[in-house]
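First up is the structure itself, then whatever we jot down about it.
The values are calculated or read from the model by the stated rules, or taken from the named source; none is laboratory data. Remember, it's a predicted structure, so these values are computed and weren't measured experimentally. As a convention, Cβ positions derive from the backbone with ideal geometry for all residues, glycine included, and neighbour counts pool all protein chains shown. Note: accessible area is taken over every heavy atom of the protein model, side chains too, but ligands, DNA and RNA are not part of it. Shrake-Rupley method; radii C 1.70, N 1.55, O 1.52, S 1.80 Å.
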Amino acid sequence: MFGYVLPRKDKLTPEDFRRYRAAYCGLCRSLKKRYGFRARFLVNYDMTFLFFLLENGALQTERCFCPAHPWCRKECLARSGTMDYCADMSVLLSYWKLRDAECDGKRLSRVAARLALRFYRRSSEKAAARHPQENALFEEKLALLHRLEDERCPSLDRTADAFAGLLKGCAAELPEGGERRAAELLLYHVGRFLYLADALDDLEKDVKSDSYNPLRYRFTLQDGKLSPEDKAALLETIDASIGLAASALELLSPRADDAILTNIIYYGLPAVLHSVAQGAFRKRSRQ
């Protein structure tokens, strides 16, 4: 359910794109520093977005070693408490995503998930000890999601709400108050966008494998696909969440990298949704 929160590159200035890449590389470095080399494989664009949402300072860039490009130094944003927090969330969310795959995937994916869980169990335990509140929330929301899936729940709102509530919990790093409530609202609707966009993107695959997908039970499919009317209704509700996320963004105090956040919400999410609707999207950040 991750890999859809991306910027629209052609709408970013060269400087903002460099900062976006530097934040991604900085998150990768933070994962390595806190959890070891294997944790680098958990870096993803969604948590890079979370970093820009929670970080309110203008971090400087540094040159750092990249194992994927050992012949040159990469530009990274300096480590901060927010960067480390996003690394922790990357580990926790990836762990629970693997637990989800272990329970619900087909045989091969379940075996792969079990193997990956062995690699990351100690890292997840360390991250859970650092953030017990968030870890408990993630476990609770995924357990609710599993119950709804077992019931073959046809409600888009109930299933999407469970996942959106999970992502909303990532705002716990902010102090109590209006700023945190706005960030929670933004993350909630980004989470709802993620869940429903993923359901649309995976519909054909889920029909073939007879896997749970709320769209299968909410709508009457035609040859395994949504009718034009049902697809339009689904896109309308996903677009509504993008609009509410944008409204929440306007309630936040200015960030050092507001241009990147604005690009992701106003341009990136609609572009991803259009690509998914056309069947042309390929996830760039599979966990």
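Considering only Leu92, Gly36, Ala232, whose Cα is most displaced toward the positive end of the charge dipole of the chain, charges sitting on Cβ of Lys, Arg (+1) and Asp, Glu (-1)?
Value computed over the given set: Gly36.
Per Stokes-Einstein, at 37 °C and 0.692 mPa s, what whole-number D in µm² s⁻¹ belongs to segment 1-99, with the Kirkwood radius over Cα pairs as the hydrodynamic radius?
Value of D from the Cα-based Kirkwood radius: 239 µm²/s.
Heavy-atom accessible area of Ser80 with all protein chains present, probe 1.4 Å, nearest 10 Å²?
The value for Ser80 is about 20 Å².
What lysines sit close enough to Lys141 to cross-link, taking a C-alpha to C-alpha distance under 20 Å and skipping anything fewer than 8 places away on the same chain?
Candidates past the 8-residue exclusion: Lys97, Lys168.
Where does segment 129-241 land on Rg(C-alpha)/(2.2 N^0.38 Å)?
Dividing the Cα Rg of segment 129-241 by 2.2 N^0.38 Å gives 1.18.
Using alpha-carbon pairs under 8 Å, 6+ residues apart, how would you state the relative contact order of the chain in percent?
26 percent
Are there any helices in the chain, counted as whole DSSP H runs, that stretch 30 Å or more along their axis by Cα and score at least -0.5 on average by Kyte-Doolittle, and if so which?
81-104, 178-209, 228-251
Over the Cα atoms of the chain, what is the Rg over Rh ratio if Rh follows Kirkwood?
Looking at the chain, the ratio lands at 0.95.
Which whole number in µm²/s is D for segment 192-258 by Stokes-Einstein, with the Kirkwood Rh taken over Cα pairs at 4 °C and 1.567 mPa s?
96 µm²/s
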